[in-house]
Amino acid sequence: MNLVANSHKMTAAEQDPRWMALVHRDPAFDGKFVYSVKTTGVYCRPTCPSRLAKPENIAFHADCGEAERAGFRPCLRCRPNEASLAERHAAVIAEACRRIETAEELPVLDALAKSVGMSPYHFHRLFKATTGLTPKAYGAAHRARRIRDQLAQGQGSVTEAIYDAGFNSSSRFYETSNKVLGMTPSAFRAGGVQAEIKFAVAQCTLGAIVVAASTKGVCAILLGDDPDELVRDLQDRFPKADLIGGDPEFEALVAKVVGFVEAPAIGLDLPLDVRGTAFQERVWQALRDIPAGETASYSDIAARIGAPKAVRAVAQACAANKIAVAIPCHRVVRQDGDLSGYRWGVERKRALLQSERG
Ligand SMILES: [Zn+2]
């Protein structure tokens, strides 16, 4: 008589929180742990395509070292001790990004693909899936960033800065300067003279993000650890501008866009600076065509990303985004000590600052 067969008792493996990751072969857990199979003496990734062993023969290990010390050897199918496919792909894409960054002009797709040993079609698809951008958009983002940094540093002429950043024609650059700088190059160089700049602070997977826009378009997207430092950085870049924080519509817009472009699966294995450039550009792209101060509806955003039917998915992405629009905007004052603008009145700003000083 076999009583056990009728009353299935949960094994230790099944009670382990990692068990469900195994059952679903969840790629999010790849690299987070490995599991061993007593009967075969082998250990595997959570995503191993082999048939799942009986739970009573399975044990979990934090990493390969732990599994090997327990006497198990790596599975030849999922190769848990080697770089995962995602890691290998990320390495290839990171290499291509470096190539794009260091080239005088944007390399053509065929040459880029060849340099990493892939077909142009496969390479383009992988690049887009890994960074969220096309190679061309990544190249443009890198050059735009370079020109903003050079203009902000204030060395050389505006024309020199344009050429140095890899734009081979300054007239072509001027045509698009509002898109790249949010204002004319000389106004940018002059610290945003006479410009009114709205800004919002938000949190994303890469840390804090500051988005700033003039009436002409987005003029800065800054990423970093400390929101206060980012706001100070913004102020240093545009010392002559009227910085206006705390505009609820602009904050809501930024929160929506950041939430929308925030796809945690994108670029996790990429070097941080590449991820930063790609993330900034995705935010930039989403915001670029929206006039400052205007909001976008979920259907606007869905249409803008070429998926007009994905309104619900966009709304869900926005709702899932636990954004902290914590803006110490009343603490933003001009460098000369002038209180500058404040949405709720300069007097209130003065009072806030005074009460903080104690
Ligand atoms: Zn395996």
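Distance from the Cα centre of the stretch 204-239 to that of the stretch 152-172, in angstrom?
When both Cα centres are located, 22 Å separates them.
If you place +1 on the Cβ of every Lys and Arg and -1 on the Cβ of every Asp and Glu, how big does the dipole about the Cα centre of the stretch 43-185 come out, in debye to the nearest 20?
For the stretch 43-185, the charge dipole is close to 540 debye.
What FRET efficiency comes out for residue 171 versus residue 82 if R0 is 45 angstrom and r is the Cβ-Cβ distance? Round to the nearest 0.05.
After rounding to 0.05, the efficiency reads 0.35.
Return 64, 219 ranked ascending by Cβ neighbour count within 10 Å, so the fewest neighbours appear first. Walk me through the numbers on the way to the answer.
Details: 64 17, 219 27.
Ordered by Cβ neighbours within 10 Å, fewest first: 64, 219.
Determine, for 121, 43, the number of other Cβ atoms within 10 Å of each Cβ, and report the residues in order from fewest to most.
121, 43
Under a point spin-label approximation (7 Å from Cα along Cα-to-Cβ), what is the residue 249-residue 115 distance to one decimal in nm?
A separation of 4.5 nm, rounded to one decimal place.
Once the piece of chain linking residue 15 and residue 28 is laid out straight, how much longer is it, given 0.36 nm per residue of separation minus the C-alpha distance between them?
On the way: separation 13, 0.36 × 13 = 4.68 nm, distance 1.96 nm.
Gain on extension, residue 15 to residue 28, equals 2.7 nm.
In nanometres, what is the gap between the two model label sites at residue 57 and residue 206, each 7 Å from Cα along Cα-to-Cβ?
Going from the residue 57 label point to the residue 206 one covers 4.6 nm.
Between residue 70 and residue 311, what is 0.36 nm times their sequence separation minus the Cα-Cα distance? Round to one decimal in nm.
Going from the current span to full extension adds 81.7 nm.
Any idea how far the Cα center of the stretch 28-48 sits from the one of the stretch 52-110, in Å?
14 Å
Go through 136/179; 216/309; 128/309 and tell me which ones have a Cα-Cα distance over 23 Å in this structure.
Over 23 Å Cα-Cα: 216/309.
Which one of 157, 62, 135 has its Cα pushed farthest toward the positive end of the charge dipole of the stretch 16-164, where Lys and Arg give +1 and Asp and Glu give -1 at the Cβ?
The one lying farthest along the dipole's positive direction is 62.
Residue 91 to residue 186: extension gain in nm, 0.36 nm per residue of separation minus the Cα-Cα distance?
Between residue 91 and residue 186, full extension yields an extra 30.3 nm.
Under 5 Å between amide hydrogens, which residues at least 5 positions from residue 30 or on another chain qualify, with H placed 1.01 Å from N in the peptide plane?
Sorted by chain and number, the residues that satisfy this come to none at all.
Once phi is turned into θ = phi - 60°, what whole-Hz ³J(HN,Hα) does the Karplus curve with 6.51, -1.76 and 1.60 give for every residue of the stretch 40-50, x standing for Gly and Pro?
Result, ordered by residue: 9, x, 10, 10, 9, 6, x, 9, 3, x, 4 Hz.
If you plug each phi of the stretch 68-80 into the Karplus form 6.51 cos²θ - 1.76 cosθ + 1.60 with θ = phi - 60°, what whole-Hz ³J(HN,Hα) values come out, in order, with x for Gly and Pro?
Using θ = phi - 60°, the values come out as 6, 5, 7, x, 9, 10, x, 5, 7, 7, 9, 6, x Hz.
Taken together, the values in this text are just the output of simple stated rules run on the coordinates, not laboratory data. On a predicted model such as this, the values are computed, not experimentally measured, just so you know. Ideal geometry is used to build each Cβ from the backbone, glycine not excepted, and the neighbour counts take in all protein chains shown.
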